[in-house]
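The structure appears below as C-alpha cells.
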Amino acid sequence: MSRFDSIKVGDSAELTHTVTQRDIERFVELTGDNNRLHVDEAFAKTTSFRKPVAHGMLGASFISTIIGTKLPGDGALWFAQSLEFLLPVRVGDEITVRAEVTQKHESSGTSSYALTSSTSTARKLPPARQRCGWWRARAPSQPRPLPARPAPRS
C-alpha cells in the first residue's frame, strides 16, 4: 500500500489478465448485462464484430484492481476517469493495464495517473493500444470528510 506522502510522480504498476468465457459468465451473473453481443455467438455473427465481444466494463474493472491493490493500494478511492473503447476484446485475449503517476495534488490529497491498456489477441496479432486516458485516486492517508447526510423526511 502506498500512502500519499510516499507516492512519487513516475511510480507505476501493471497487471495482465487473459479473458475467459467464465469471466464473461460471471460478469453477466453479477451485473445482469446479458446483451446478446456478449453471450450469443449466433447473434454476434450477424453483427460487424462477427464474434462475441467481452463487456467493456469487464476490462475497465482492472483499473479498480490496480488502484485497490497496487497503486496506491488498500484504502485508495477511485473517483474520476476518462476512457474510450477503441477495439473489441474477446475470450482468449490478454489485457495488460499499466498505470503511472503523472501528478500529485497536495491541496486535495489526490494523485492523477496516466493509464494505458493493451490487448494481445489469441490470434497473435500485434498488441493493440487502447486509449484509456487518466484517472484520479485518493490515497488512504488523506481522508476527506463526507458531506452530512440529509435529515430523513417525516
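Please go through segment 1-34 and pick out each residue that is without any contact (Cβ under 8 Å) to a residue 12 or more places away in the chain and either within 17 Å of TYR113 (Cβ to Cβ) or not in a helix (DSSP H, G or I) (or both). Passing the criteria: SER6, GLY32, ASN34.
The residues listed here are PRO147, PRO140, PRO126; of these, the one that is surrounded by 15 or more Cβ atoms within 10 Å (Cβ to Cβ), at pLDDT below 55, out of contact with any helix residue (DSSP H, G or I) (no Cβ under 6 Å at 6 or more places or on another chain) and part of a loop (DSSP other than H, G, I, E, B) is PRO140. Can you find a residue in segment 69-83 that is part of a strand (DSSP E or B), polar (S, T, N, Q) and crowded, with 18+ Cβ neighbours inside 10 Å? There is no residue in segment 69-83 that is part of a strand (DSSP E or B), polar (S, T, N, Q) and crowded, with 18+ Cβ neighbours inside 10 Å. Within segment 64-94, being modelled with pLDDT of 80 or more and closer than 18 Å to ASP33 by Cβ holds for SER64, PRO88, VAL89, ARG90, VAL91. Is it the case that VAL53 is among the aliphatic types (A, V, I, L, M) and more than 24 Å from TYR113 (Cβ to Cβ)? For VAL53, the condition - among the aliphatic types (A, V, I, L, M) and more than 24 Å from TYR113 (Cβ to Cβ) - is met. In segment 58-85, which residues are among the hydrophobic types (A, V, I, L, M, F, W, C) and closer than 14 Å to SER12 by Cα? The answer is ILE63, ILE66, ILE67, LEU71.
Screening segment 96-113 for residues that are closer than 13 Å to SER64 by Cα and among the aliphatic types (A, V, I, L, M) and picking the one that is surrounded by the most Cβ atoms within 10 Å (Cβ to Cβ) gives ALA99.
The values are calculated or read from the model by the stated rules, or taken from the named source; none is laboratory data. All values reported here derive from a predicted model rather than from experimental measurement. Backbone-built Cβ (ideal geometry, glycine too); neighbour counts: all protein chains shown.
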